[in-house]
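All of the numbers you see were taken from the coordinates with simple rules; none came from a lab. Since the model is a prediction, treat every value here as computed from it, not as a measurement. Here the Cβ positions follow ideal geometry from the backbone for every residue, glycine too, while neighbour counts run over all protein chains shown.
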Amino acid sequence: MQAPDTRQPRAGIEEETVRPGKVGAISDTRTHWQLLRFLIVGGINTVFGYSVFFVLTWLGMRYPLAIGLATIAGVSFNFQSVGHLVFGGAPHSRFWRFVGVYCLIYLLNLGGVRLLLVSGANVYVANAVVLLPLSLIAFLLNRRFVFAHP
């Protein structure tokens, strides 16, 4: 007779029972919950960052500098919120990896906005359009390179 499994799921993560033939079910479930939490927390972070961008461009700042300053303003806040609420911790030793991910996101943001501006979009719409794809890229990079468990 086998003893029942008494392990508790990680905070906020519901695990499903793995049956024969369901390889990776727990991992897939965790990924889905992490992505959902990332998008919710990211939504809060995005409102903050986009508000900074909006105000700075409204005050007359050019969009590359406004995007840069909005990114810088959000990095520390985002590191703590994403680290703790999505990935279960934000060790200070991983802060510079996080900064590296957001440097890449910044460059992708600039390129995406530039392409949309050339095709006739205004700067506010252009930056809003690139938010979701950049959020998904940021999730994947953070999960793989910043908050991956060894």
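Looking only at residues in the range 65-81 that are touching a residue at least 24 places away in the same chain (Cβ under 8 Å) and out of contact with any helix residue (DSSP H, G or I) (no Cβ under 6 Å at 6 or more places or on another chain), the one that is surrounded by the fewest Cβ atoms within 10 Å (Cβ to Cβ) is PHE77. Can you say whether LEU56 is exposed (fewer than 14 other Cβ atoms within 10 Å of the Cβ) and either assigned to a helix (DSSP H, G or I) or among the aliphatic types (A, V, I, L, M) (or both), as far as the supplied structure shows? No; evaluated as a whole, the condition is false for this residue. Figure legend. Inter-residue proximity from the range 37-63: first residues more than 18 Å from GLY89 (Cα to Cα) and in contact (Cβ under 8 Å) with a residue 40 or more places away in the chain, second residues surrounded by fewer than 18 Cβ atoms within 10 Å (Cβ to Cβ) and of a type in the set (Phe, Trp, Tyr), beta-carbon distance below 8 Å, spacing 6+ or different chains. Indicated pairs: PHE54/TYR124; THR57/TYR124. The residue list ASN122, ASN109 contains one member that is over 17 Å from LEU39 (Cα atoms) and in contact (Cβ under 8 Å) with a residue 24 or more places away in the chain, which is ASN109. If you go through the range 98-150 and keep only what is of a type in the set (D, E, K, R) and buried (at least 16 other Cβ atoms within 10 Å of the Cβ), you end up with just ARG143. Looking only at the range 75-94, decide whether some residue is over 20 Å from ARG37 (Cα atoms) and either in contact with an Asp or Glu (Cβ under 6 Å, 6 or more places away or on another chain) or among the aliphatic types (A, V, I, L, M) (or both). No, the conditions are met nowhere in the range 75-94.
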